[in-house]
Every structure is written in structure tokens, then in C-alpha cells.
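The values are calculated or read from the model by the stated rules, or taken from the named source; none is laboratory data. Values in this document were obtained by computation on a predicted structure and should not be read as measured data. Neighbour counts run over all protein chains shown; Cβ positions are idealised from the backbone, glycine included.
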């Protein structure tokens with residue numbers, strides 16, 4: 001089994017600065033699909049000219065992580081795909097180790113990489129590969145044939161997509177593995193190249209709350225989701241009011257976004273909020 005059996009999908013949104021080290025850490029024999037959530041032809045032309053193994057698809061608008069990954073996966077012609085965040089660095093032999101584990105466990109649905117201290121117990125127990133119920137979303141190795149073109153739930157715009165996918169795999173009696181021989185560096189929350197930290201925080205807070213309620217409602221029912229989200233609803237309301245009265249505008253806006261995400265999800269509205277980063 002060779003690297004030609006693999007396609008890597010990287011979803012981007014204003015990730016100009018961070019994606020280049022990621023691409024340069026990937027063997028040039030691997031085909032890379034970059035799904036850019038904009039209509040930026042300069043970005044597409046620059047990245048395709050610089051990296052001959054990269055095809056950049058422009059979505060024309062910010063369609064979100066789940067839908068972008070599904071778009072990329074719909075273009076995959078290889079047996080395996082690797083969903084990768086743009087703020088990651090592939091360590092030596094990691095791609096080859098993905099393929100080795102795939103050949104040793106041919107019925108797998110998903111494989112995830114080593115996560116440092118979080119999974120230290122695996123190495124302590126001399127378990128190179130362990131079957132688990134979930135893996136993190138920054139690097140997901142997929143067995144394409146196990147999914148029948150049904151991958152991520154596109155109702156999610158941001159957050160919980162990989163948790164939802166893992167839950168679906170387990171529900172369908174699929175197998176998920178974590179491999180400690182696969183190491184991928186992840187610079188969390190560094191996927192977007194922008195200095196507009198307030199807009200990013202508003203975006204993260206809105207979608208984290210929306211996705212939290214939606215996920216729990218989908219898998220456990222409305223009332224369980226309401227019980228789960230209610231303390232966060234009260235906290236967001238109190239903090240919004242506090243910062244409103246003390247005229248802390250940035251924090252007021254962040255907690256208003258948090259409150260809005262919760263309320264919109266409870267009311268069954270689609271995940272509509274989009275960051276203003278231009």
C-alpha cells in the first residue's frame with residue numbers, strides 16, 4: 001500500500017499564512033484538495049502554482065467545516081482520505097503509519113493520531129493501536145468505502161462535527177482506532193489568518209453554543225439538551241448583563257453571541273451566524 005492510495009483534504013478560511021507549513025510537511029506523492037471558503041482566485045492560483053500536488057476548490061462563500069469536508073470527500077478517488085486542519089504539521093512517517101494501521105485493520109472506519117499526554121496511558125500499556133469511541137477532528141483518516149457518501153452532518157457549521165461523525169460510526173457498529181505511532185502537531189485555534197480576535201471569539205462562542213444544543217438534541221432529545229444547555233444559558237445572560245452595565249463592549253458582544261447561539265439552537269433555527277473578518 002502506497003501514498004498514492006491517499007487523498008488529503010484541508011478546509012480553509014483565510015488560512016493563507018498557516019497552510020503553507022502544513023502542505024510542506026506532506027509528501028509530494030500525496031494528492032491534496034484544499035477547500036477554500038471564499039472566491040479568492042489569487043489564493044487558488046498561488047497555492048496551485050507553488051504546490052503541484054494541490055488542487056484548490058473555491059466554494060464562493062463560507063459554507064462551513066462540515067459541508068466543505070463533504071465537498072472534498074465527494075471528489076476523492078482514492079481508497080482513503082485524511083481530513084486535516086490547516087494548522088497542523090505531519091511528523092515523519094505518520095502518513096505511512098496511517099496506511100500500515102489501515103492494512104492491519106481493514107474493517108476500520110476512522111483512525112486518529114497520537115494526542116500527546118492525553119493518550120500517554122496507551123504507550124504505558126504498550127498498546128500501539130487501541131479501539132476507541134471517538135477521535136479529535138484536526139486529523140481524521142477515513143476508509144471511504146465504509147461511508148456510502150454519507151459523511152458529516154451539514155447542519156453543523158463549526159464544532160461537534162467530528163464528535164457527531166464518531167457517534168454515527170459507533171451506532172452503525174463501525175470501528176474507530178487511535179494509533180500512538182502517528183504524530184501530528186496541532187496549533188489549536190490558529191487556522192485563520194486574521195488579527196480580528198473579537199470577531200473570532202464571537203464566532204467561536206456563537207457556534208459552540210449552537211452546536212452543543214443541536215448535538216445533544218439530535219442524539220439525546222430536546223429535554224436532555226435543554227438540561228445540558230440551561231446553566232450555560234443563565235451564565236451567558238448574567239455575564240452579558242454585567243458587561244452591558246459596566247460598558248465592557250467587547251465582552252458584552254462575545255456573551256451576546258454566546259446567548260444568541262443558544263437561543264437560536266433551542267428555537268430550531270439553522271446555524272446562520274457568519275464572522276465578519278474582511
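If you go through the stretch 23-56 and pick out every residue that is more than 14 Å from residue 95 (Cβ to Cβ) and surrounded by 15 or more Cβ atoms within 10 Å (Cβ to Cβ), you end up with 14. Comparison of 185, 162 shows that the only residue that is modelled with pLDDT of 95 or more, closer than 14 Å to residue 115 by Cβ and either under 18 Å from the mean Cα position of the chain (by Cα) or not in a loop (DSSP other than H, G, I, E, B) (or both) is 162. The criterion of at least 3 residues that are touching a residue at least 60 places away in the same chain (Cβ under 8 Å) is met by the following strands (runs of 3 or more DSSP E) wholly inside the stretch 1-70: 6-12. Only one entry of 259, 251 meets the criterion of being touching a helix residue (DSSP H, G or I) at 6+ places or on another chain (Cβ under 9 Å), over 24 Å from residue 65 (Cα atoms) and modelled with pLDDT of 95 or more, and that entry is 251. Please specify each residue of the stretch 130-149 satisfying the condition of being over 24 Å from residue 186 (Cα atoms) and buried (at least 19 other Cβ atoms within 10 Å of the Cβ). The answer is 147, and nothing else. Quick check on the stretch 101-110. Is at least one of its residues within 15 Å of residue 30 (Cα to Cα) and either out of contact with any helix residue (DSSP H, G or I) (no Cβ under 6 Å at 6 or more places or on another chain) or modelled with pLDDT of 95 or more (or both)? No, the stretch 101-110 has no match at all.
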